[in-house]
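These notes concern the structure reproduced below.
The values are calculated or read from the model by the stated rules, or taken from the named source; none is laboratory data. Worth saying up front: this structure is predicted, and the values here are computed from it rather than measured. Reconstructed Cβ throughout: ideal geometry from the backbone, glycine too, with neighbour counts over all protein chains shown.
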Amino acid sequence: MASVSNCTFPEYAFPGIPAGGSGSGSGTAVAGQGSGGSIAAGAAGTSGQGGHGGAVIGDAGDAGQTGGTSGGGAAGDAGSAGMPCVFPTPVSYPLHCFDKTADNGESGVDCGGNECAPCSGNQACTQAADCLSLQCTSKKTCVPLISLTYTPIEVGALTPSPKFRLDITYLDTLLMPLQKFSIRYYYNHNEVTEPIIGLDSQATIDPGNMQLDITSKVRTSVHRFPPGPALNGLVTDSYLEITFNDSTMVTTGTKLFINQDLVAASLNPMFDQNSHYSFSKVTGANPAIGVYRDGHRVWGVEPPMAVFPECAFAAGVNINGPALTVSEESLLAESAADLSFKGAAPYSSTAKPLPATDAATTALLGTGRTLKTGESVAWSVPNGKYWAYAWLASTASSDSGTLSFGTSAADGFSGTLNGGARWGLLGPYRVDVTGSSLELTVDGTVHLAGVKLYETEH
């Protein structure tokens with residue numbers, strides 16, 4: 001388990017933001033105390049990819065905990081008061097919890113006992129705490145909340161598009177609308193060309209009396225963070241989240257069937273599925289897939305991931321646009337930020353974003369500046385070390401290029417308008433600002449819609 005130190009929020013001001021805080025109105029992230037592992041509960045939900053960064057770490061609810069909490073304005077208040085910004089340690093479990101045998105006090109295979117995550121399937125148990133449902137039967141087996149069968153469709157190691165099928169049956173008695181459920185496939189980005197999106201979703205739901213096609217109600221979003229600590233040689237920095245814009249009530253016995261692709265923008269480089277935490281070559285009850293109900297884990301075990309507390313958000317800019325709040329983070333209007341341009345002509349686009357996203361992110365993507373080789377954007381920011389993200393969009397052309405933050409090159413971006421204007425939030429990338437200016441340059445052509453920075457742990 002990697003240790004993460006605390007950092008004190010720096011006492012300085014970005015243009016338009018009071019010194020000492022982000023002023024975003026987001027709450028300070030608080031680490032949960034239970035045993036359920038981490039849950040990056042960013043503001044994405046059904047709103048698409050806008051939820052990168054700004055995540056809350058908390059227990060997934062094994063013992064009824066709700067994990068991280070946030071209060072209105074807490075991040076700005078903490079900065080103003082000079083309070084420390086706590087970077088939570090990625091939640092993990094000992095290696096014996098992943099060796100596919102029941103050992104070291106585990107009640108089931110890699111679950112239960114004093115050190116591993118509670119069992120989400122009908123594994124052996126000795127007490128209620130061994131089970132995610134907190135129900136251990138008289139026969140000493142856990143009562144599962146759901147059953148899940150994962151089937152790999154693409155089993156080759158190298159592929160531009162991992163594909164899988166999930167067959168899920170809801171077994172609990174607590175009724176909940178489908179829009180309260182989410183599913184996560186965890187993977188390693190490994191310099192694959194952006195934008196990476198969930199594509200070709202196919203889904204049906206059977207509440208017990210008929211099979212309904214809900215493909216049009218599926219929403220996908222991709223989330224990426226700094227690389228987490230290695231687990232059996234696997235490093236996880238990303239996950240694909242599947243959500244549903246559907247109010248169908250999920251009752252006991254409801255079945256959900258999902259076919260899902262994860263698609264890169266280029267054939268080179270390709271995904272290495274063997275580096276993906278959630279990938280398996282065999283069909284079965286895959287515990288490396290995460291399923292959540294109303295933000296609480298009901299299936300699977302997450303890998304350790306290094307995510308940002310809300311208080312680490314430093315500042316952001318809506319390029320060629322007004323001030324916006326995206327995923328509860330306040331972005332400055334271009335006119336309010338201290339920016340200078342070499343070339344970088346403004347653009348505006350009404351193309352429909354793919355994947356679909358919330359209104360604020362759609363507005364953000366609709367305006368920006370086109371950066372070509374030899375052109376640049378310089379942003380006056382205080383010296384220091386940051387993690388940087390950039391929103392890039394496809395417009396009326398399929399321009400491609402590689403954006404750089406100072407000397408830190410981002411992953412390549414290849415614009416596509418097939419089925420909609422594909423877009424991505426690239427990052428995070430480590431940047432070291434000196435000379436009180438962050439310069440963005442490009443090799444090729446990209447359409448830059450926005451930029452945001454997070455403090456690093458010190």
So which of Phe313, Phe257 is crowded, with 23+ Cβ neighbours inside 10 Å and among the aromatic types (Phe, Trp, Tyr)? Phe313
Out of all the residues in segment 219-254, which are surrounded by fewer than 20 Cβ atoms within 10 Å (Cβ to Cβ) and either of a type in the set (Gly, Ala, Ser) or free of Cβ contacts under 8 Å to residues at least 60 places away in the same chain (or both)? Ala230, Gly233, Val235, Ser247, Gly253
Out of Tyr277, Tyr292, report the one residue that is buried (at least 24 other Cβ atoms within 10 Å of the Cβ), among the hydroxyl-bearing types (Ser, Thr, Tyr), at pLDDT 95 or above and under 28 Å from Leu178 (Cα atoms). Tyr277
Taking Arg184, is it among the basic types (Lys, Arg), out of contact with any helix residue (DSSP H, G or I) (no Cβ under 6 Å at 6 or more places or on another chain) and part of a strand (DSSP E or B)? yes
Residues within segment 254-289 that are assigned to a loop (DSSP other than H, G, I, E, B) and either touching a strand residue (DSSP E or B) at 6+ places or on another chain (Cβ under 8 Å) or under 12 Å from Arg184 (Cβ atoms) (or both), tallied: 17
List every residue pair whose Cβ atoms sit under 6 Å apart, with the two residues 6 or more apart in sequence or on different chains, where the first one lies in segment 389-407 and is within 28 Å of Val307 (Cβ to Cβ) and the second, anywhere, is of a type in the set (Lys, Arg) and in a strand (DSSP E or B). Tyr389/Lys452; Ser394/Arg422
Please work out if Thr402 is closer than 21 Å to Lys342 by Cβ, exposed (fewer than 15 other Cβ atoms within 10 Å of the Cβ) and among the β-branched types (Val, Ile, Thr). no
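Let's see how each residue does on (1) hydroxyl-bearing (Ser, Thr, Tyr); (2) in contact with a helix residue (DSSP H, G or I) (Cβ under 8 Å, 6 or more places away or on another chain); (3) surrounded by fewer than 17 Cβ atoms within 10 Å (Cβ to Cβ):
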{"site": "Ser398", "(1), (2), (3)": "yes, no, yes"}
{"site": "Phe413", "(1), (2), (3)": "no, no, no"}
{"site": "Ala421", "(1), (2), (3)": "no, yes, no"}
{"site": "Pro428", "(1), (2), (3)": "no, no, no"}
{"site": "Leu438", "(1), (2), (3)": "no, no, no"}
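Sort through Leu440, Leu426 and tell me the only one that's of a type outside the set (Lys, Arg), over 11 Å from Glu194 (Cβ atoms) and assigned by TED's automatic domain parsing to the domain that holds Glu329.
Numbers: Leu426 fails: over 11 Å from Glu194 (Cβ atoms).
It is Leu440.
Are any of the residues in segment 188-203 outside any helix (DSSP H, G or I) and closer than 30 Å to Glu106 by Cβ?
Yes, segment 188-203 contains a residue that is outside any helix (DSSP H, G or I) and closer than 30 Å to Glu106 by Cβ.
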Within segment 234-253, identify whether any single residue is closer than 22 Å to Met305 by Cα, part of a loop (DSSP other than H, G, I, E, B) and of a type outside the set (Asp, Glu), and answer yes or no. yes
With the requirement that a residue be surrounded by fewer than 20 Cβ atoms within 10 Å (Cβ to Cβ) and part of a helix (DSSP H, G or I), what does segment 81-97 give you? Leu95, His96
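Suppose the filter is more than 19 Å from Tyr292 (Cα to Cα) and surrounded by 15 or more Cβ atoms within 10 Å (Cβ to Cβ); does Leu262 pass it?
Answer is yes for this residue.
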Of (1) buried (at least 17 other Cβ atoms within 10 Å of the Cβ); (2) in the same structural domain as Met176 (by TED's automatic domain parsing); (3) among the charged types (D, E, K, R), Glu329 satisfies every one except (2)
Taking the conditions exactly as written (out of contact with any Gly (no Cβ under 9 Å at 6 or more places or on another chain) and of a type outside the set (A, V, I, L, M, F, W, C)), does Asp103 satisfy them or not? yes
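Quick one: which of Leu240, Leu231, Leu262, Leu256 is over 27 Å from Ser92 (Cα atoms) and either in the same structural domain as Gln202 (by TED's automatic domain parsing) or modelled with pLDDT under 95 (or both)? Walk me through it before giving the result.
On the way: Leu240 fails: over 27 Å from Ser92 (Cα atoms); Leu231 fails: over 27 Å from Ser92 (Cα atoms); Leu262 fails: over 27 Å from Ser92 (Cα atoms).
Matching residue, one of Leu240, Leu231, Leu262, Leu256: Leu256.
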Just one of Ser147, Ser138, Ser133 is of a type in the set (Ser, Thr, Tyr) and touching a Cys at 6+ places or on another chain (Cβ under 8 Å); which is it? Ser133
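May I ask you to list the residues in segment 198-234 that are β-branched (Val, Ile, Thr) and more than 12 Å from the chain's Cα centre (by Cα)? Quick ask: steps written out before the conclusion?
The first filter runs over segment 198-234 and keeps only residues β-branched (Val, Ile, Thr), leaving 204-205, 214-215, 218, 220, 222.
Answer for segment 198-234, where residues must be β-branched (Val, Ile, Thr) and more than 12 Å from the chain's Cα centre (by Cα): Thr204, Ile205, Ile214, Thr215, Val218.
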